[in-house]
Structures are given as C-alpha cells and as structure tokens.
Amino acid sequence: MLRPMITATNTMSQLQKQLDTIGNNLANIDTQGFKRTQTSFSELVRQQIDNQPNEQNEIGRLGELGIRQGTGARVASSLALTQGSLKQTGRALDIAFTVPNQFLQIDVEGEIQYTRDGALYLSPAADGTNRLMLATSEGRPVLDENQNPILIEDTFKELIISEDGTITAIPQNDEDLPQIFSIGVVQINRPQLLAQNGSNRYSLNDIGDNQPGDVLTFLEGAFSGDVSMKQGSLEMSNVDLSKELTDLMISQRTYQMNAKSITMGDQLMGLINGVR
C-alpha cells in the first residue's frame, strides 16, 4: 500500500498550492487591475509495471502486458488576462485599459516592470525643480514611450489623457503651449511568461529561447493607435467570486479524499503486519 499512499501525498501537496492560489484570488477580489491566476492539473510521470514476460502471453490480452500506474498529479498555473469591469471615478489621473494584454511601463529601482493598476498620482520630482512626476500609488515612476519618467511642469490647470495614452497638460496661461507626453504602453503577447512581483506588478525575467519581439510589443509610433484606455475610470479585478468558491469546495473535497486514502492505506498496512 505504499504506492497509493505516495501518490496521494504527492497530489495533496499540489492541491495545497491550488488552495493557496484560490485564496490569493479571493483576497484580491477588490484590488483594481488585479488578474486572477487559474490552475490546471496534469498527470505526473507514469511507471510501467510488467506482470509477465511478453513471450508468456497465454491469456491473449489485446493490450500491453503490465500496468501503467501514475505517481500523482501536478498543478500548473497561468494568468488569466481577461478584461475586468470598469468603475467610473471621475478622477483625472485614473485610467483604465479597455482591452486585455496592455500594460503600463513603470520603473522599479532601475528595472522595467508592468502593471494595469491605473490609479496614478503626481509627486514632486527629486531633481529639486517645480516639476511633478507621474507615479503609481506606490510611488513608482510611470515611463513614457522612450522609457523615461514623465515630468510635468507645475504650471498646468488641467490634465487630459486621450484614448491612445497621450497626456496633454493645459497651461494656466492661454498664451503658453500645452505640455504633451505619451504614456509608455506595451502589449504582452505571451502572458504565460509574466512573473508576479507582488503589488500588482509583473516582469519578464526569463523569456527562454523566445525572441523579445514575440513576447511583447511596444505600442509606440505606428502602433500607438492600438492603445485603448479610458480616463476617469479604473479597471476592477477579473476574479469571479462564484467560480473561485466552487473551485475551493472541489479542491477541499479532493484533498479530503486523498487524505482518506492515506488513512485507509495505513490501516491496511497495520492489518497486514498483524497477520504476519
């Protein structure tokens, strides 16, 4: 009975990972721009156990001689980048992407990372001038199409963000020219390569043998027209509460079933040892 017990133990460890993933999804159901992680199971390596030599096939079996027995299940996770619902806020610095797979570029201690959290703020620039830096709620600089921080002179009366990510700072003096910036937006073509860094941030740490152009597309120049965002709105989480609770109950029942099989295997092992 050791083999069924080992199989159940392996499966339980993977079910625990699924339960942790579901718990994280539920905890972020109200997090703006959050993307749920979906899980799926596949069989681990199967072992072939022959019960008699091939030349002694006297029973006339139609299939292969022996038993193919698995060693448990393995969980795989991936981001679900489906579009979340939009919440109207009326705030000028709130933006929401209206199509999936598009992300803001932000600077995190010299590393470019990506987010769909469109709650932006203006913070004083660190260069001692009267300019304001466009940043996330964490204070991370939002980058423009040239991957530079967006610094706005503190002489504007209104900010207008168009659907293609162009920021226009309307000056207080009508004789002055407006300040114009383009928000750096990328389209992730292979979201399975995104690594979660917490705080609604993602990065592409290891793209393997993939070419950078196949993994992401910088929506600038001729591609800037593909950007689709809405000012005065925020994208909410794409977590479906009913689906997550259903998956949670199924995972718990499966976990209990595997735990019960271990208990039954232990009881049978004790019975066999008692007979000996």
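What residue, among those in region 1-28 that are among the aliphatic types (A, V, I, L, M) and within 17 Å of residue 80 (Cβ to Cβ), is surrounded by the most Cβ atoms within 10 Å (Cβ to Cβ)?
Here is the first cut: in region 1-28, the ones among the aliphatic types (A, V, I, L, M) are 1-2, 5-6, 8, 12, 15, 19, 22, 26-27.
From what's left, within 17 Å of residue 80 (Cβ to Cβ): 22, 26-27.
Values: 22: 24, 26: 14, 27: 11.
Residue satisfying both the conditions and the ranking: 22.
Out of the residues in region 248-274 that are hydroxyl-bearing (Ser, Thr, Tyr) and at pLDDT below 90, state the one that is farthest from residue 40 (Cα to Cα). Break it down into steps so the answer makes sense when it comes.
Step one: filter region 248-274 for residues hydroxyl-bearing (Ser, Thr, Tyr), giving 251, 254-255, 261, 263.
Now narrow it down to the ones that are at pLDDT below 90: 261, 263.
Values: 261: 22, 263: 26 Å.
Once the filter is applied, the top-ranked residue is 263.
Kindly indicate the residue of region 98-125 that is under 20 Å from residue 146 (Cα atoms) and among the hydrophobic types (A, V, I, L, M, F, W, C) and also surrounded by the fewest Cβ atoms within 10 Å (Cβ to Cβ) among those meeting that condition.
Filtering region 98-125 for residues that are under 20 Å from residue 146 (Cα atoms) and among the hydrophobic types (A, V, I, L, M, F, W, C), the one surrounded by the fewest Cβ atoms within 10 Å (Cβ to Cβ) comes out as 112.
The rows are residues; the columns are (1) assigned to a helix (DSSP H, G or I); (2) of a type in the set (Val, Ile, Thr); (3) under 14 Å from the mean Cα position of the chain (by Cα).
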position	(1), (2), (3)
3	yes, no, no
8	yes, no, no
25	yes, no, yes
34	no, no, yes
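Output the residues belonging to region 70-95 that are under 14 Å from residue 161 (Cβ atoms) and part of a strand (DSSP E or B).
Initial filter on region 70-95 (under 14 Å from residue 161 (Cβ atoms)): 89-95.
Once the filter is applied, which keeps residues that are under 14 Å from residue 161 (Cβ atoms) and part of a strand (DSSP E or B), region 70-95 yields 94, 95.
Does residue 123 meet the test of being over 22 Å from the mean Cα position of the chain (by Cα), under 19 Å from residue 221 (Cβ atoms) and of a type in the set (S, T, N, Q)?
Numbers: over 22 Å from the mean Cα position of the chain (by Cα): yes; under 19 Å from residue 221 (Cβ atoms): no; of a type in the set (S, T, N, Q): yes.
Judged against the criteria, residue 123 is not a match.
Restricting attention to region 211-239, which residues are polar (S, T, N, Q), surrounded by 14 or more Cβ atoms within 10 Å (Cβ to Cβ) and not in a helix (DSSP H, G or I)?
Correct list: 217, 228, 231, 233, 237, 238.
The values are calculated or read from the model by the stated rules, or taken from the named source; none is laboratory data. Bear in mind that the values here come from a model prediction, so they are computed numbers and not experimental data. Cβ coordinates were reconstructed from backbone atoms using ideal geometry, including for glycine residues, and neighbour counts include every protein chain displayed.
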